[in-house]
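Presented below is the structure to which this report refers.
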Amino acid sequence: TIPFADAAIDGQNRLHVIWVDRGAAGQPILYRVLDLGSGTWLGPATTVDSTNLSGYGGIPGQGGISIALDVDGQPLVAYTVAGFQTHIRTQQRGASGWEAAGDPLQVNGAWVWHPALALGPDGVWYLAAYDATNRAILAARDTGNGWSEPETVAYDVLGPENIDQSPS
């Protein structure tokens, strides 16, 4: 099945969770934090994205969502853009909430799904995704001025019948 949720634990024993709310109008991507020590949710869920970005239907995050935390415990979220499966979008949460979204990874003519995020020991964000059209795993890094061109990690890793088995 397609992953509609992901989670990451920070250094303060808190679980950061994102998910697609399939039961809500527009099927938004939501975010919430659980204090693992007390078992208490820290505030209500907040919306990461609620827009149908293409007008062609579909669900933001329908091709997978990923969350990773920076050194300050702030999340970065990546997800497939609704209706435009050639785009992976990211959003960073800052002190005042979710920042403006961007389309950091785009492969024209290919369906790019299942983002997976990681923060390297060098402080650089890395993003992997599955190119379902070419059956390849792609990887890119944050250059500080956008994402690098995606590089192919491997070809023919999965058949089309296994589209949901990917970096995520």
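Bear in mind these aren't lab numbers, they're just calculated from the coordinates by the rules spelled out. The shown structure was predicted, so the numbers you read here are calculated from the model rather than taken from an experiment. When we count neighbours, we look across all protein chains shown, and the Cβ atoms used for this are built from the backbone with ideal geometry, even at glycine.
Compared with the direct C-alpha span, the chain from Trp41 to Ala154 gains 36.7 nm at full extension, assuming 0.36 nm per residue.
Multiplying the residue separation of Arg22 and Asn108 by 0.36 nm and subtracting their alpha-carbon distance yields 28.2 nm.
Peptide packing: for 12-24, 112-124, 68-80, the average count of neighbouring Cβ atoms within 10 Å per residue gives the ranking 68-80, 112-124, 12-24, highest mean first.
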